[in-house]
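Please read the structure below before turning to the comments.
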Amino acid sequence: MSTILQMPVGVNEWHKLRSGRFFFVDKTALLRDLFLMGDKLFLTRPRRMGKTLLCDTLCEWFTHGSKSFAGLGIDGKLYEEGGYPVINLSFYGLGDEPDAASFEASMCERLIDAYGAAGFPVENCYGITSFGLLYLHLNSLARARGKELVFLIDEWDYPISSSLNKPELCVSFQRVLKKLYSWLRVQRNLRFLLVTGIMRYREISLFTGQDIQDISMEPAVAGLLGYTQADLHGEIFAPYVRDAAQRMGLTPSALLDKLECYYDGFCFDEDASVNVYCPLSINKFFSALVLGPEYVPKFESYWMNSAGASAALVSYLRGHQLPPQKIMELSDQDDLIMPNQSLMEISYLQNVSFEQILVLSGYFSIKSITADTKDKIPSSRKYHCAITNQEVKEKFLPVLLRYLVNFQDEEVSTLALALDQIKQALQKGDMAQLSLCFNKILCFVRYDAYKAMESRDSKGNDSAQNHGKDKAQDQGKPQEPVAQDQGEPQGQEAKDQVKAQAQNQVINPEPEAFYRSMLKLALCSDSIFTEDEVANNLGRSDLTAKTHDHRYIFELKRLNSDTKEAINKRLNDGESQILTRKYGNNSEQPSLPQTMVVLVISDTYRQICAWRSFKVQRTDLTLTVLERHDEPVDMSPQAFERQQGLIAPQEQSLSE
């Protein structure tokens, strides 16, 4: 335990970090490259990635010089005498004010405090609430000091980004900030300027004239903030990894793999060459080690919870009407193509896209350069982007679901209960309860989401016939004739199938993507790993949900007839498809028990009308069904409340 130091959770001050009490990874060698890029720099990173600590590190550099960094990576590579007054200013938390006047007063107070911390006599400035008056005093103080200034502005865009759902207030804040940054841009006695944040807004004048260098995607500083793979696998983390692995009953290699899955994946450079771990998540994960030998580290959503990331996304979605189809696509999307220009664009507020916010805020990250742009100059490249890591996924997908139900889960107790209990039902393997919970959730889905689904269904390019063909043929395999949604037959075969469908009152095959996405969003949590369209060499299952001790493979079927014969046919279709295509035969954990589940969804009522679950015994060539169970599902409006005991007996009789 002597080698285990306290992790620097919430430590943003350089002198405290270097006190000897805290774990420390030396990134100072990279500061040389940062300084060589210019004297006026702009850097975007998601929150909790280390921007505040970077500003305080630079404050130490310019205040006390390179002598404070003796023995560190930058020692001997760059000399700095120091002695500059450093205005170290953070706008984090600024923007909660009810009006522009209050906001301007708060901003002035922070400026005055920052000048005071830099050694300026600001006694006569307190009480000034107008920046138009304050900047005259600040100019006078700087002239009297006779020394070049260093400005470090952290979270410059926070007041704007946090008020996007309040357009009028946002515009009024923008006008105040424009005065500040217009003044800052014309300062002639600047030694160095660094501005950090997440977004780039054109209206605020920071980027006017292009005299500030945006280094956000420069490969040379890609690993400056956050821990790299080399850090986690290196000697400095080795005792922490060994200790945590032992407590968790894992090998060090297995623990590193899981840490990578949960917390790695942030990528910010134009070459897509460096991934970093969120430092907050890693620090919090290993923090348990210093509490005592009985404490075991846990994989939790540290960044998403602490950074207020979920709240920021909710704030944006509340203020912007996005097509439900876009939300559904994002829930399924593992490949969002983003041009370099979109990631570096200086946008007008009204033109900021949801995709830009997702990538710049850290929900999605760069994974690779598209093959067709790899050899182009960086500004002409495009990038494959996807949900950053498992930690983000577990919080991001539920936010999308909340949007699709108009954020009613905060007010409607039955919906909140259903969202909680559907996860419990899966953990118990209770498909009857899962179906009732899912039906209740579907009752709250926005009407326009269903209309978007129906519109998509009506388009030939998105029909389930093509979808079914894709599922059967994506590995170059012939179509199997065992289920309805398996491709377009030709000639007389097509006529026979149409006739058979009409006789069974089953609709033409349509994509189950909408319901699949809703089920995935409803199940996703820190204890359930969901993955849609899991492929093997014969096809793709609709959805896989994995708990710590079980895997469930779902096949969804739709119909517009609720006759017993039609329902049974769709249950049989689903079972036959699972067996014929041997879903689950390529599991990365073959010993993990598996249950196959068929859900039949009534398009008439937009509810699950029946389910079937079964286990299989695998041989080299066949699957044998074991323990088959199936039931119809009560689709009445109050079935969930009745099952939960929320309706008194007299209310039941009245409602029925």
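You can think of it this way: the chain between ALA386 and HIS548 has 55.9 nm of extra reach, that is 0.36 nm per residue less the Cα-Cα gap. Seen from LEU169, the other residues with C-beta closer than 12 Å to its C-beta sum to a net charge of -2, counting Lys and Arg as +1 and Asp and Glu as -1.
Which shape class applies to the stretch 128-171: rounded if a/c is under 1.5, otherwise prolate when a/b exceeds b/c and oblate if not, where a ≥ b ≥ c are the square roots of the Cα gyration tensor eigenvalues? Taking the square roots of the gyration eigenvalues as a ≥ b ≥ c, the stretch 128-171 is oblate. By definition, a body whose alpha carbon gyration tensor gives a ≥ b ≥ c is oblate when a/c is 1.5 or more and a/b is not larger than b/c, and the stretch 100-222 fits this oblate description. Gyration tensor analysis over the Cα atoms of the stretch 209-331 returns equivalent ellipsoid semi-axes of 31, 22, 14 Å (largest first, whole Å).
Fully extending the segment from ASN586 to LYS147, taken as 0.36 nm per residue of separation minus the present Cα-Cα distance, adds 151.3 nm.
Roughly speaking, what is the stretch gain from THR622 to GLU531, that is 0.36 nm per residue apart minus the C-alpha to C-alpha distance, in nm to one decimal?
Stretched out fully, the THR622 to GLU531 stretch lengthens by 30.3 nm.
Model label points for HIS629 and SER576, set 7 angstrom from Cα along the Cα-to-Cβ axis, are 2.6 nm apart.
When the alpha carbon gyration tensor of the stretch 523-607 is reduced to an equivalent ellipsoid, its three semi-axes come out at 25, 16, 10 angstrom, largest first. Model label points for SER636 and ASP335, set 7 angstrom from Cα along the Cα-to-Cβ axis, are 4.8 nm apart. Pairs from the table (LYS298/LYS393; LYS423/LYS546; LYS367/LYS423; LYS27/LYS77) lying more than 21 angstrom apart at Cα are LYS367/LYS423. Sorting TYR158, TYR295 by solvent-accessible area of protein heavy atoms yields TYR295, TYR158, largest first, with a 1.4 Å probe.
The values are calculated or read from the model by the stated rules, or taken from the named source; none is laboratory data. Since the model is a prediction, treat every value here as computed from it, not as a measurement. Positions of Cβ are generated from backbone atoms using ideal geometry, with glycine treated the same way; all protein chains shown enter the neighbour counts. All accessible areas refer to the heavy atoms of the entire protein, side chains included, with ligands and DNA or RNA removed. Shrake-Rupley method; radii C 1.70, N 1.55, O 1.52, S 1.80 Å.
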